[in-house]
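Structure first, then comments.
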Amino acid sequence: DTNQINPAVAPGAHWVKVYNGCDTVTEGFYVKAQYPVSVDLGNDTTFCGTSLWLYSGVGHHGQEILWSDNSTLPQLNVSQTGTYWVKITNACGVFTDTINITINDYPTGISKDTIEKCVTSGVWIKTKNIIGATYQWSNGSNAHSTYAASSGKYWVTVSNVCDTIHDTVVVKDVHPIA
């Protein structure tokens, strides 16, 4: 009977043979299976560094991949704190997952070993302003920068979830030309 269709044909190579009383026709075909996709970007993540890779867990074979930035590769490079999602579509449906990523900078110190200032004024000493970091200067300041009114050695300790660093700078007086 040519009206019968078997909807539960297993993946793989198959053939069908049809006889109509006069002729026999044999036709081969291949059934490719698609299955529901398990998408898991993992738990929300906080890390130290500049970037990390997110992986969809699938390739392109019969599946459409769409990331929150509209890219369509199986992986996504993340370099900013934010919420990211991936959507995988195949013949079985649409499958999604979302992850929150927090990227923390490593603490940095003072960019110079020696800073010169005019003997009649002061100078600002700065480190990078990192969200969530704590700062402790030798003169008692707890901001990312401090004002050095006099010459001498100044130190800072910068701490966050990534690391703790200690750095020192020497402030030297320069006298006006007489």
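The values are calculated or read from the model by the stated rules, or taken from the named source; none is laboratory data. Values in this document were obtained by computation on a predicted structure and should not be read as measured data. All Cβ positions, glycine included, derive from the backbone under ideal geometry; neighbour counts span all protein chains shown. Quick note on the areas: whole protein, heavy atoms, side chains included, nothing else; ligands and nucleic acids left out. Shrake-Rupley method; radii C 1.70, N 1.55, O 1.52, S 1.80 Å.
Side notes on the structure shown:
- In region 56-99, the residues that are under 12 Å from the mean Cα position of the chain (by Cα), in a strand (DSSP E or B) and exposed (fewer than 13 other Cβ atoms within 10 Å of the Cβ): Asn77, Thr83
- Selection over region 27-46 of residues that are at pLDDT below 90, open to solvent by less than 80 Å² (accessible area, probe 1.4 Å) and in a strand (DSSP E or B) gives a count of 2.
Let's see how each residue does on (1) within 28 Å of Val161 (Cα to Cα); (2) in contact with a strand residue (DSSP E or B) (Cβ under 9 Å, 6 or more places away or on another chain); (3) aliphatic (A, V, I, L, M); (4) at pLDDT 90 or above:
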{"residue": "Cys48", "(1), (2), (3), (4)": "yes, yes, no, yes"}
{"residue": "His60", "(1), (2), (3), (4)": "no, no, no, no"}
{"residue": "Thr72", "(1), (2), (3), (4)": "no, yes, no, yes"}
{"residue": "Gln75", "(1), (2), (3), (4)": "yes, yes, no, yes"}
{"residue": "Thr81", "(1), (2), (3), (4)": "yes, yes, no, yes"}
{"residue": "Lys87", "(1), (2), (3), (4)": "no, yes, no, yes"}
{"residue": "Asn90", "(1), (2), (3), (4)": "no, yes, no, no"}
{"residue": "Thr96", "(1), (2), (3), (4)": "no, yes, no, yes"}
{"residue": "Ile101", "(1), (2), (3), (4)": "yes, yes, yes, yes"}
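- Any strands (runs of 3 or more DSSP E) falling wholly within region 121-178 and containing at least 1 residues that are modelled with pLDDT under 95 and more than 25 Å from Cys48 (Cα to Cα): 164-174
- Taking region 108-131 as the range and being over 19 Å from the mean Cα position of the chain (by Cα) and over 30 Å from Ala178 (Cα atoms) as the test, the residues that pass are Thr108, Gly109, Ile110, Ser111, Lys126, Thr127, Lys128, Asn129.
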